[in-house]
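Since the structure comes first, as structure tokens, the remarks are kept for the end.
The values are calculated or read from the model by the stated rules, or taken from the named source; none is laboratory data. Worth saying up front: this structure is predicted, and the values here are computed from it rather than measured. Positions of Cβ are generated from backbone atoms using ideal geometry, with glycine treated the same way; all protein chains shown enter the neighbour counts.
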Amino acid sequence: MAFTLRSVKVPPNSASLEEARSRVFDFFRQACRSIPTIMDIYNLDDVVTKSELRSSISSEIRKNSHVTNPKVIDLLLFKGMEELNNIVEHAKQRHHIIGQYVLGRQGLAQDLDTKDEGTSDFLKNFYKSNYL
Amino acid sequence: MGLGLLASRTLKTSRILSSQYSRFRPIVTKPGLQSPDASAAAPATQPEPTPPPPKKPVGGARFHFTNPDDALEVFVDGFPVKIPKGMTVLQACEIAGVDIPRFCYHSRLSIAGNCRMCLVEVEKSPKPVASCAMPALPGMKIKTDTPLAKKAREGVMEFLLMNHPLDCPICDQGGECDLQDQSMAFGSDRGRFTEMKRSVVDKNLGPLVKTVMTRCIQCTRCVRFATEVAGVQDLGMLGRGSGEEIGTYVEKLMTSELSGNVIDICPVGALTSKPFAFKARNWELKGTETIDVTDAVGSNIRIDSRGPEVMRILPRLNEDINEEWISDKTRFCYDGLKRQRLNDPMIRDANGRFKAVSWRDALAVVAEVALQVKPEEIVGIAGKLSDAESMMALKDLLNNMGSNNVWCEGTGTSPNADLRYRYLMNSSIAGLEKADVFLLVGTQPRVEAAMVNARIRKTVRASNAKVAYIGPPTEFNYDCQHLGTGPQTLIEIAEGRHSFCSAISNAKNPAIIVGAGLFERDDKDAIFAAVEAIAKNGNVIRPDWNGFNVLLLNAAQAAALDLGLVPESSNSIESAKFLYLMGADDVNLDKVPADAFVVYQGHHGDQSVYRANVILPSAAFSEKEGTYENTEGCSQQTLPAVPTVGDARDDWKIIRALSEVAGIRLPYDTLGAIRSRMRTVAPNLLNTDEIEPAAFGPSLSLDCSQKISSTPFKAAVENFYMTDSITRASKIMAQCSAMLLKK
């Protein structure tokens, strides 16, 4: 698996937005197919489920949903492929995966709450850190 | 044998030859240097070179002429400078902007003149003179940069380095060593010394000062500091010649509350800080100029930190408060900032164990309980280390909840916050130097405020001021008369029956210092009335001199009283259902009802935490920006030196957040906004580094009908080294109190 992924050359540029779009879906499928391996090598079974990992991959992709330039999409795809390669090749450690994809970008601060709607910016910042 | 080998051989021999030659480098004598007349005559024949533009005085050295006739003019490197009579040559050079190298000379100590590093050439003098000990005479032509002066310094350096070990790489003074710097600047580039260096046995001076006596250059600064400033006869000079050593005469520790300052004045690495030994190099430290909070003096300090860790604390020059000294408690309490810290908000569960929770949950619990109790059952107590901003926020929060039971610990049950002169040191710390008679009432300045005590000692030494005290028998480091132990003596003086009355009335500037420990007494109003009677009889308060002083104990006290943190009822703590402790650890919590909900907001897990139901972690003084007012009414600001520990927050932010969770939002989001709120209550707190004198004198005070009790005065501070949550958590302070306190 790992070697097949690594052998992927830098693909030619996408000619149109449609082509870039289909490549994104291909990438997503490829990533989803490697989830069982990732769960296996990083021993993630007791911290996360496959569907959670899938949704975190899709949310990473959706973060860039505003991008319309095919060249930019190609670059982002390349970076995503690189990241996937690194993960599948076990070039990372368990805490990297947990920190980045299981807990999310918020880090360990699980202090978020839907009750916060009416509170002031001061209180929101107070909950986050002393230095905001 | 190849050609290259031959060549290298010849090179080697020639190198040996040259090095041998350099070992026996002759001391060149130039006839022009030997006869000053010739050297003086020589430039006279040449056209006078234009003198360089005037330099700025070294280190902001300044002076003022009390009498214009006293001025005299000397020439430093050809540039004329006017100085007052009685200055030394070295001081004249400093005024002229020329820094003379020195080891033994220190401006705050007596002159020893034994290091000979400050040699300069004076015209018409046969030899170079030691500038620190030579008074400047009118028309003296001082030359600091001549070959003779340079040669003299080089020779002195050579002799000093003869017995100085070459252990700079493992010396803690490395990087801030006078000897290192001056040997680079003035020393020779080679040594001629081949014999063994002498070695000296290290002395044990206690848990604070590490000694490596082989490094000592016998400047005797530490001996002079101990006898003159600290007032202990612990250090001295033993032996003569090359056998000369600094030491305690008998096996004895240095028992002074100012002993840490010998580390700063030691020009070499002979006396260094024991807790700081091998911890860091001075160039990797970040210095933050801030304020000390371990007593009410507000000494100016510099916190040296590396990353998130406070590595050491050094004094900062402030002539009006601490000069350039700080007490040992200030200097060495910093390891308490790393121990016993509260990291996370915690709630006590049903089993009585604390459980870490999120800020959201902790504040929700506190707000819920606070809103359920009756307003008059809500009590807030600020701790002795609280800054003015957080005390303002605490008072606003409790007032918004409908309670007015908020005070600062140590101010007693019914503090008098209306008359500002009744809780301030009205003659100011620097002003104590003008006093000629001191009456200490129920105070032990040596343990309560070591810097104020150093000021009194300085006055006693300089002008033979008379000191008398009323209180438990105590040790002073200056001559002191014990008048009595209790209020009885005070009344005798107030009624003019005591022999000390004449001393007060005959004095030009009498000063009365009342300890803040008396605030805790029930008859404090009567005692203050008696003190004011003494002040009135002795003419202590005049337009030009106010000698009525109160010596506070805690850093937060003055600001708390300025902000009006006064409890509404004196027994509110017995009926409290919701008790908010903002770092208050010295409050007696025995009387708190068992069903009361206690919130502890603070940085250390100290005494009050045992009773707390919820813990809210806050920042220590080294981690936050806050305003503190010292005992003389001078407000100063701390600056954050290191980041906060764990999930802690600034004190005022916690109260602001709690107010919003409880639905009574305080109207400030920033430090600037809370300061403008403070401006409406106590504008003097915003004028930093300025003393705001008390407005009204005792003419306003009301007559007191209280009965004075005969209980003798108690010592306010049991243990100098451990007075607050930071110092109680400190290992060094624990060692000090175990070893240095007299049992």
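Within region B:152-164, residues that are under 24 Å from residue B:199 (Cβ atoms) have Cβ atoms under 7 Å from residues that are hydrophobic (A, V, I, L, M, F, W, C) in these pairs: B:156/B:117; B:156/B:119; B:157/B:186; B:160/B:179; B:160/B:217; B:162/B:193; B:164/B:179; B:164/B:217, counting only partners at least 6 apart in sequence or on another chain.
Residues are listed down the side, and each one gets a yes or a no for (1) loosely packed, with under 12 Cβ neighbours inside 10 Å; (2) basic (Lys, Arg); (3) touching a residue at least 40 places away in the same chain (Cβ under 8 Å):
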position: B:173; (1), (2), (3): no, no, yes
position: B:179; (1), (2), (3): no, no, yes
position: B:200; (1), (2), (3): no, no, yes
position: B:219; (1), (2), (3): no, no, yes
position: B:222; (1), (2), (3): no, no, yes
position: B:235; (1), (2), (3): no, no, no
position: B:241; (1), (2), (3): yes, no, no
position: B:248; (1), (2), (3): no, no, yes
position: B:251; (1), (2), (3): yes, no, yes
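Suppose the filter is more than 30 Å from residue B:567 (Cβ to Cβ) and surrounded by 20 or more Cβ atoms within 10 Å (Cβ to Cβ); does residue B:438 pass it? Taking the combined requirement at face value, the residue satisfies it.
Taking region A:107-132 as the range and being under 19 Å from residue B:344 (Cα atoms), more than 8 Å from chain B (Cβ to nearest Cβ) and at pLDDT 60 or above as the test, the residues that pass are A:124, A:125, A:128, A:129, A:132. Return yes or no: is residue B:609 surrounded by fewer than 22 Cβ atoms within 10 Å (Cβ to Cβ), aliphatic (A, V, I, L, M) and either touching a His at 6+ places or on another chain (Cβ under 9 Å) or not in a loop (DSSP other than H, G, I, E, B) (or both)? Yes. Here is a check on your reading of the model: is residue B:112 modelled with pLDDT under 95, within 30 Å of residue B:223 (Cα to Cα) and surrounded by 24 or more Cβ atoms within 10 Å (Cβ to Cβ)? So residue B:112 does not fit the description; no.
When residues in region A:68-106 are screened for being outside any loop (DSSP other than H, G, I, E, B), over 20 Å from residue A:51 (Cβ atoms) and among the hydrophobic types (A, V, I, L, M, F, W, C), 7 of them pass. Conditions: (1) surrounded by fewer than 18 Cβ atoms within 10 Å (Cβ to Cβ); (2) without any contact (Cβ under 8 Å) to a residue 60 or more places away in the chain; (3) within 14 Å of chain A (Cβ to nearest Cβ); (4) under 29 Å from the mean Cα position of the chain (by Cα). Residue B:671 meets all but one. Number of the miss? Unmet for residue B:671, out of (1) surrounded by fewer than 18 Cβ atoms within 10 Å (Cβ to Cβ); (2) without any contact (Cβ under 8 Å) to a residue 60 or more places away in the chain; (3) within 14 Å of chain A (Cβ to nearest Cβ); (4) under 29 Å from the mean Cα position of the chain (by Cα): (2). In region B:121-146, which residue that is in contact with a Cys (Cβ under 7 Å, 6 or more places away or on another chain) and not small (Gly, Ala, Ser) is nearest to residue B:73 (Cα to Cα)? Ranking the candidates gives B:142 first. For region B:612-626, give me each residue that is assigned to a loop (DSSP other than H, G, I, E, B), farther than 13 Å from residue B:342 by Cβ and away from every other protein chain (no Cβ under 14 Å). Across region B:612-626, the qualifying residue is only B:613. Do we have residue B:292 as under 27 Å from residue B:728 (Cα atoms), at pLDDT 95 or above and more than 13 Å from the chain's Cα centre (by Cα) here? For residue B:292, the condition - under 27 Å from residue B:728 (Cα atoms), at pLDDT 95 or above and more than 13 Å from the chain's Cα centre (by Cα) - is not met. Scan region B:562-569 and give yes if some residue there is at pLDDT 90 or above, assigned to a helix (DSSP H, G or I), within 26 Å of the chain's Cα centre (by Cα) and surrounded by 20 or more Cβ atoms within 10 Å (Cβ to Cβ), otherwise no. Yes; the residues of region B:562-569 include at least one that is at pLDDT 90 or above, assigned to a helix (DSSP H, G or I), within 26 Å of the chain's Cα centre (by Cα) and surrounded by 20 or more Cβ atoms within 10 Å (Cβ to Cβ). Among the residues of region B:504-524, those identified as surrounded by fewer than 19 Cβ atoms within 10 Å (Cβ to Cβ) and of a type outside the set (Lys, Arg) are B:505, B:506, B:520, B:522, B:523. Screening residue B:663 with (1) outside any loop (DSSP other than H, G, I, E, B); (2) farther than 30 Å from residue B:532 by Cα; (3) at pLDDT below 95 gives one miss only, at (1). Checking the stated criteria, residue B:674 turns out not to satisfy the condition of being β-branched (Val, Ile, Thr) and assigned to a strand (DSSP E or B). Looking across region B:61-84 at every residue that is in contact with a helix residue (DSSP H, G or I) (Cβ under 9 Å, 6 or more places away or on another chain) and over 20 Å from residue B:123 (Cβ atoms), the one that is modelled with the highest pLDDT is identified as B:84. Only one of the listed residues (B:679, B:649) is free of Cβ contacts under 8 Å to residues at least 60 places away in the same chain and farther than 20 Å from residue B:292 by Cβ. That residue is B:679. Residues in region B:655-665 that are crowded, with 24+ Cβ neighbours inside 10 Å, within 8 Å of chain A (Cβ to nearest Cβ) and not charged (D, E, K, R): B:657 only.
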